[in-house]
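Each value in this text was obtained by applying a stated rule to the coordinates, not by laboratory testing. Predicted, not measured: the structure shown is a model, and the values here were computed from it. Note that we place each Cβ from the backbone using ideal geometry, even for glycine, and neighbour counts take in every protein chain shown.
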Amino acid sequence: MNSDQNKLPLVTVIITTYNSSGYVLETLESAGNQTYQNIELIVTDDCSGDKTVEICRSWIEKNKGKFVKAEVITTKINTGIAPNQNRAIKSAGGEWIKIIAGDDILLSNCIESNVSFVLNSSEPISFLFSRHIWFKLNSYGKKMTCTNEKLVNEYWNKLDRSFFKADAKKQYLKLLKGNRIPASTAFFNKETLIKLGGFDERFPMIDDYPLWIKATRNNYKLHFNDIETVLYRKHEDEISNSKKINARYSCDNYSFYKAYRINRYTVLNPFLHLSVNLNYLNHKIILKSGKYTLINRILRIMDPNFIKQFICPDENVSAILNESFSENKNIN
């Protein structure tokens, strides 16, 4: 590492894993292939039942020279996403923190572009976000991305204009209504994160949304770097598609709603309250019956958010994900 690189802030890349053995090697490689050199790597595993930990330790042993420091943190019980990330943050030595799930991929410019944006900003930044690229794998294991660049650009430009250009107070009010922040791209200032108490462990399955609420409520603006930094995987194995974990998420989401989203700003918003309660009831019925029934369909149709997404699909990522995906040689 040369003297110029030593002057740059240390960044801790945290890879969060849980039964990630099928994907984590690619995530690790993406951390090791960063153009930015002053990086500390922490893998924090939430009691995986597969070979995730062994894979990570083996890879780190062979590639530890790429990092200032590299380690794997484990736990004997599954605690959920928020506690898993907090364990790594407590061990992090970096001034800045980049968290990536063990099935997503950092583009090689990710850390460098985020650090550059922060250092060259005319205002202080504690929370920075950027674009991610949705991708899927075809039957040959090749990465496919959305071919409709116009739709993708419209989505990010609209999110920038409608949310990131607003000040912290307006962002807070918008977040009370719903969350569209690309959590996979988040780049944090560690000192600020610690000051806010880290991720709220009262809601183990929800790491991002409560933090955005806390940050903006405490006047920390969420900033946007209009560049692609992360490949965000869409697949059938993700957390939200597991019945048991989905139920845990729904319960945590309902508790979070009662703790953060019911206040003087939202009390007169009946659509918000109806949507959250219907969603919670829907998942409780699915968990109890073990299947998706006609009652669930009716409850979903009654959900104001479902109606809104159906009428205005451009406000949801479903419009992009429903587009055709084709092989992208630039990211394979």
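Pairs to check: Lys90/Lys234; Lys234/Lys329; Lys62/Lys90; Lys195/Lys234; Lys98/Lys234; Lys214/Lys258. Give those whose C-alpha atoms are more than 22 Å from each other in this structure.
Lys90/Lys234; Lys62/Lys90; Lys195/Lys234
As an exercise, use a Förster radius of 41 Å and the Cβ-Cβ distance of Asn246 and Lys195 to find the FRET efficiency, rounded to the nearest 0.05.
The computed FRET efficiency comes out at 0.80.
From the phi of every residue in the stretch 134-149, what ³J(HN,Hα) in whole Hz does the Karplus formula 6.51 cos²θ - 1.76 cosθ + 1.60 yield, where θ is phi - 60° and glycine or proline is x?
So the J values, rounded to whole Hz, are 6, 9, 10, 9, 7, 5, 9, x, 8, 6, 10, 10, 5, 8, 8, 4.
Quote the charge dipole size of the stretch 41-128 about the Cα centre in Debye, to the nearest 20; the model charges only the Cβ of Lys and Arg (+1) and of Asp and Glu (-1).
It works out to roughly 320 debye.
Per 20 Å bin, what percent of the C-alpha pairs of the chain does each bin hold, from zero upward?
29, 62, 9, 0
Kindly list the residues of the stretch 43-68 that lie in the label zone of Lys90, defined by a backbone N under 17 Å from the point 7 Å along the Cα-to-C-beta vector.
Within reach of a label on Lys90: 43-47.
Under 5 Å between amide H atoms, partner at least 5 residues away or on a different chain: which partners does Ile100 have, H built in plane at 1.01 Å?
Ile14, Ile15, Thr16
May I ask you to evaluate 6.51 cos²θ - 1.76 cosθ + 1.60, the Karplus curve with θ = phi - 60°, for each residue of the stretch 158-163 and list the ³J(HN,Hα) values in order in whole Hz, giving x for glycine and proline?
Each residue's phi maps through the Karplus curve to give 5, 5, 5, 5, 7, 10 Hz.
Among all the aspartates and glutamates, which ones have a C-alpha under 20 Å from Lys69's C-alpha, if same-chain residues fewer than 8 places away are not counted?
List returned: Asp4, Glu26, Glu29, Glu40, Asp45, Glu54, Glu61, Glu95, Glu112, Glu191.
I want to make sure I understand the PRE zone here: with the label point 7 angstrom from the Cα of Ile227 toward its beta carbon, which residues in the stretch 318-332 have backbone N atoms less than 18 Å away?
Residues 331 qualify, since their backbone N sits under 18 Å from the label point.
Can you work out ³J(HN,Hα) from phi for every residue in the stretch 37-43, in order, using Karplus 6.51 cos²θ - 1.76 cosθ + 1.60 and θ = phi - 60°, giving whole Hz and x for Gly and Pro?
Each residue of the stretch 37-43 in turn: 9, 8, 10, 10, 10, 10, 9 Hz.
List the residues whose amide H sits under 5 Å from the amide H of Ile227, counting only those 5 or more places along or on another chain, with H placed 1.01 Å from N in the peptide plane.
Residues meeting the amide H criterion: Arg131.
So how much slack lies between Asn148 and Ser326, counting 0.36 nm per residue of separation and subtracting their Cα-Cα distance, in nm?
63.1 nm
Can you compute the charge dipole magnitude of the chain about its Cα centre, using +1 on each Lys and Arg Cβ and -1 on each Asp and Glu Cβ, nothing else charged? Give it in debye, rounded to the nearest 20.
It comes to approximately 1160 debye.
In nanometres, what is the gap between the two model label sites at Thr74 and Asn33, each 7 Å from Cα along Cα-to-Cβ?
Taking the simple label geometry, Thr74 and Asn33 are separated by 2.8 nm.
Using Cα springs under 10 Å in a Gaussian network model of the chain, which residue among Pro83, Pro304, Pro210 shows the largest mean-square fluctuation?
Maximum fluctuation in the GNM of the chain, among the listed residues, is at Pro304.
With +1 on the Cβ of every Lys and Arg and -1 on the Cβ of every Asp and Glu, and nothing else charged, how large is the dipole of the stretch 241-324 about its Cα centre, in debye rounded to the nearest 20?
For this selection, approximately 540 debye.
Would you list Arg131, Arg202, Arg300, Arg248 from fewest to most Cβ contacts within 10 Å?
In increasing order of surrounding Cβ atoms, one gets Arg202, Arg300, Arg248, Arg131.
List the pair-distance distribution P(r) of the stretch 241-324, using every Cα-Cα distance, as the percent of pairs falling in each 10 Å bin from 0 up to the bin containing the longest distance, rounded to whole percents.
It works out to 16, 40, 38, 6, 0, in whole percents.
Could you put Trp59, Trp96 in order, starting from the residue whose Cβ has the fewest other Cβ atoms within 10 Å?
The most exposed by this proxy come first: Trp59, Trp96.
What residues have an amide H closer than 5 Å to that of Lys51, excluding those fewer than 5 places away on the same chain, when H is modeled at 1.01 Å from N in the peptide plane?
For Lys51, the qualifying residues are Ser21.
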